[in-house]
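Heads up: the structure comes next, in structure tokens.
The values are calculated or read from the model by the stated rules, or taken from the named source; none is laboratory data. Just so you know, these numbers come straight off a predicted model, no measurement behind them. Ideal geometry is used to build each Cβ from the backbone, glycine not excepted, and the neighbour counts take in all protein chains shown.
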Amino acid sequence: MGFRRGITKGPHSSGKCSALQSAWTLVALLLAACAAPPVAKVEIPALPGFAAVGFDALPGWTDDDMDHVQVALLQSCRALGARLAWREICQAAGEWLSPSAAEVRRFFETRFTPYRILGEEGSDQAFLTGYFEPVLQGSRRPSAIYRYPVYRAPDDLVSVELAGLYPELAKLRLRGRLAGRKLVPYFSRAEIDADPSPLAGNEILWVDDPLELFFLQVQGSGRVLLEDGRRVRLGYADQNGHPYRPIGRWLVEQGMLSPDQVTMRSIKDWAREHPEQSRQLMNYNPSYVFFREIADDLPGPLGSLGVSLTAARSIAVDPRWLPLGAPVYLATTWPGSDTPLNRLVFAQDTGGAIKGRLRADFFWGTGPEAGERAGAMKQAGRLWLLLPRSLDPVQSFSRP
């Protein structure tokens, strides 16, 4: 969805591409903005990294109440249902009528194989964080209260696919802007937030709180309650190409907080207590996310898979390692607790700070309560990828 998940840690043309070679020295600056590769290009790597196991190896498998699993699965089926390996699965899931938890478990046990996910050195220890859909206050017009703009993707933002020049970089995208015949880095957060802003005229709406706007970008999507009572749902549109830098790191480096104190809540509290330094804090992260309006009648925000996310059943992953749409079983603990959190979820989103096969971001839902849980989640855990039995894990995930 965007370059969120980082509290301590979200139209091309040949003419534009022709400027790339003269500015190739800028590649190192911009490669950190990796676009989520299309599902059609994702492959499950061969071993090491994925080891088939039985369902009895999944901690707490029989304890999951399977609530809303059908909803989340059918969302994945909107993207995957036409593929041969998924066709029968999705058709059968669509015919469920209030299935029991045991029936749902049996459905997965007879149609899927779990694969234990291992790191490069054989460890299975994953790092799990959380995210949510924030709700902000805003207006269609600027005023003394609503002074902080939410921007759409600007027309001068250039995205260049690198596959034509360097096939090994096929999954990376270069972002910048043209200055004459040269491709230069796009405006940073500090430059965009300057007065006057180089993006004036690209506003979607205005909100009342710059800090909440910052965290809207970190999360990658959200809702805005307008002063006239209407609601707007915003989804991730693009990013300025600068690398994501977690602002919690700045607070630690400055000695303001210790690493174990850094949560979304503690960051917000510090910023509100030190308003004169809050802009410096936010500018530490040069990455800037642009939005688009999406239908507000959807059951949840849109993830990178292009389907609605389901609270507590959707996660963000690194699609270079885990295929979007697939079920994933996770074993971890509730935020700030030793209470087990073991459940079946679905890889339906990505994020700029979510890198590696042993990394996931848990979607908690919409609003303040979800935000509190998401902001406090920094848990160790383990992950298992579930694939249809007819799908070889070393085959391309997208093959029919």
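Scanning the stretch 193-223 for residues that are among the hydrophobic types (A, V, I, L, M, F, W, C) and in contact with a Lys or Arg (Cβ under 7 Å, 6 or more places away or on another chain) yields 204, 205, 206, 211, 218.
If you go through the stretch 84-94, how many residues are part of a loop (DSSP other than H, G, I, E, B) and at pLDDT 95 or above?
0
Here residue 75 passes the criteria (1) polar (S, T, N, Q); (2) surrounded by 16 or more Cβ atoms within 10 Å (Cβ to Cβ); (3) more than 20 Å from residue 300 (Cα to Cα) except the one numbered (3). The conditions of being out of contact with any helix residue (DSSP H, G or I) (no Cβ under 7 Å at 6 or more places or on another chain), among the aliphatic types (A, V, I, L, M), assigned to a helix (DSSP H, G or I) and surrounded by 17 or more Cβ atoms within 10 Å (Cβ to Cβ) are not met by residue 102.
Residues checked against (1) modelled with pLDDT of 50 or more; (2) in contact with a His (Cβ under 6 Å, 6 or more places away or on another chain); (3) surrounded by 15 or more Cβ atoms within 10 Å (Cβ to Cβ); (4) part of a loop (DSSP other than H, G, I, E, B):
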{"residue": "5", "(1), (2), (3), (4)": "no, no, yes, yes"}
{"residue": "16", "(1), (2), (3), (4)": "no, no, yes, no"}
{"residue": "26", "(1), (2), (3), (4)": "no, no, yes, no"}
{"residue": "36", "(1), (2), (3), (4)": "no, no, yes, yes"}
{"residue": "66", "(1), (2), (3), (4)": "yes, no, yes, yes"}
{"residue": "79", "(1), (2), (3), (4)": "yes, no, yes, no"}
{"residue": "82", "(1), (2), (3), (4)": "yes, no, no, yes"}
{"residue": "96", "(1), (2), (3), (4)": "yes, no, no, yes"}
{"residue": "106", "(1), (2), (3), (4)": "yes, no, no, no"}
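For residue 299, the requirement of being surrounded by fewer than 20 Cβ atoms within 10 Å (Cβ to Cβ) and in contact with a strand residue (DSSP E or B) (Cβ under 6 Å, 6 or more places away or on another chain) is met. Looking only at the stretch 185-230, how many residues end up being surrounded by fewer than 22 Cβ atoms within 10 Å (Cβ to Cβ), closer than 15 Å to residue 284 by Cα and of a type in the set (S, T, N, Q)? Here the count works out to 1.
Against the condition closer than 21 Å to residue 378 by Cα and hydroxyl-bearing (Ser, Thr, Tyr), how does residue 287 come out, does it pass?
Details: closer than 21 Å to residue 378 by Cα: no; hydroxyl-bearing (Ser, Thr, Tyr): yes.
In short, no.
If we only count strands (runs of 3 or more DSSP E) wholly inside the stretch 141-257, which ones have 2 or more residues that are among the hydrophobic types (A, V, I, L, M, F, W, C)? Of the strands (runs of 3 or more DSSP E) lying wholly inside the stretch 141-257, those with at least 2 residues that are among the hydrophobic types (A, V, I, L, M, F, W, C) span 158-161, 173-179, 182-184, 203-207, 222-226, 231-239.
Taken together, the residues in the stretch 46-64 that are over 30 Å from residue 121 (Cβ atoms) and assigned to a loop (DSSP other than H, G, I, E, B) amount to 0. Condition (residue is over 30 Å from residue 83 (Cβ atoms) and either buried (at least 19 other Cβ atoms within 10 Å of the Cβ) or in contact with a His (Cβ under 6 Å, 6 or more places away or on another chain) (or both)) applied to the stretch 302-313: is it met by at least one residue? Scanning the stretch 302-313 turns up no residue that is over 30 Å from residue 83 (Cβ atoms) and either buried (at least 19 other Cβ atoms within 10 Å of the Cβ) or in contact with a His (Cβ under 6 Å, 6 or more places away or on another chain) (or both).
Could you please let me know if residue 320 is of a type in the set (D, E, K, R), in contact with a strand residue (DSSP E or B) (Cβ under 6 Å, 6 or more places away or on another chain), at negative phi and surrounded by fewer than 23 Cβ atoms within 10 Å (Cβ to Cβ)? No.
Taking the criterion of being buried (at least 22 other Cβ atoms within 10 Å of the Cβ) and farther than 27 Å from residue 137 by Cβ, no residue of the stretch 243-258 qualifies. Residue 346 meets all of the listed conditions (1) modelled with pLDDT of 95 or more; (2) surrounded by fewer than 20 Cβ atoms within 10 Å (Cβ to Cβ); (3) touching a strand residue (DSSP E or B) at 6+ places or on another chain (Cβ under 9 Å) but one, namely (2).
Just to be sure before I move on: is residue 383 crowded, with 23+ Cβ neighbours inside 10 Å, assigned to a strand (DSSP E or B), of a type outside the set (Gly, Ala, Ser) and at pLDDT 95 or above in the structure I sent?
The answer is yes for residue 383.
Among the numbered conditions (1) among the small types (Gly, Ala, Ser); (2) under 14 Å from the mean Cα position of the chain (by Cα); (3) farther than 18 Å from residue 216 by Cα, tell me where residue 258 comes up short. Just one mismatch for residue 258, condition (2).
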